[in-house]
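What follows is a single structure, written as C-alpha cells, with notes after it.
The values are calculated or read from the model by the stated rules, or taken from the named source; none is laboratory data. Bear in mind that the values here come from a model prediction, so they are computed numbers and not experimental data. Quick reminder, even Gly has a Cβ in these numbers, built from the backbone with ideal geometry, and neighbours come from all protein chains shown.
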C-alpha cells in the first residue's frame, strides 16, 4: 500500500479532536507518525516505543518523589491522617471498609475480568480483551517490581483491621490495581454505549470505587496516604498508556484490514460511542479499496 493511500486512510480514521487540548496533542502525534512511518505495525510499534519512553520518564520522576517519601519528609502528614482515621473508627465503618477493599483484591478483579472478557470476546471485541488483560498483568508486574525496589515498611501506628497484608507498603497495590482495572473497564464500556450521560456515569462510578478502595486501605491501617497516592498516579499512567495503544489501533486500522475485522467497534472512541452503521451487526465495515490494495500486496 502506498504512503499516499495510507495517509488518506489515516485521515479518514481520524476523529475530530474538537477543542480538547489532550485530544489535539494525541492525534497530532498520530498524524505525525502516520506521515513518517509506513505500515500498520511500524506505526503502532513507533507509538509503543514513544509510550514506553514516556512511562520510563514518569517512573524516573516518580522515583525522585519516592526518595522524599523514603527519607521521611512526608511521614508527619502520613501519620496524622492515619491517626485521625483511627480516632473515627467504628465496627460499622470497619465492616464497610473490608467490603470495599475486597473490590480491589486480586480474586475479585480477576473474576470480574474473566466475566467481562467472555462478554467482550463473544461480542467480537477481541482487542478489548487483549487490552484488559495487558493492563491487569502489566499493573501487577510494575507494582511488584516497585515494591521490591522501595521496600517501605507498612504502618504500625495501630493494629491492622485486616488479618494479612503482603509485600511492602509503597506503592499501594490495591490502589494501583484498582485504578488500572476499573478505569480500563470504564474506558471499554464507554466505547459500547450511545448515551453521553451513561459514558460519563461509568467513569464517575469507576472513580468513586477507586477512591473508596484507596481510603479503605488507609482506614484499615495497612497503607500510608502517600502509598495510596503513588498507586493512583502510577495506575493512571499505565491505564492511559494502554488506552493510548487502543486508540492507535483504531487510528491506523485501515492499514491492516485483518485488525479491523477482529474488532466489532474499532471505529468507536470514548467520545464518539459505538458506530452506527445501520446495516448489520457484524462490524466488518472496511473500505473495499483497502481490502483490494492489501490483497494485491
Would you mention how many residues in region 171-198 are surrounded by fewer than 24 Cβ atoms within 10 Å (Cβ to Cβ) and over 16 Å from the mean Cα position of the chain (by Cα)?
7
Scan of region 225-243 for residues that are over 16 Å from residue 100 (Cβ atoms) and either assigned to a loop (DSSP other than H, G, I, E, B) or within 12 Å of the chain's Cα centre (by Cα) (or both), ordered by number:
233, 234, 235, 236, 237, 238, 239, 240, 241, 242, 243
Filtering region 207-218 for residues that are crowded, with 22+ Cβ neighbours inside 10 Å and farther than 12 Å from residue 104 by Cα leaves a count of 1
When region 40-58 is checked residue by residue, the ones that are at pLDDT 75 or above and over 19 Å from residue 240 (Cα atoms) are 42
Does residue 34 fit the bill of being at pLDDT 50 or above, touching a helix residue (DSSP H, G or I) at 6+ places or on another chain (Cβ under 7 Å) and part of a helix (DSSP H, G or I)?
yes
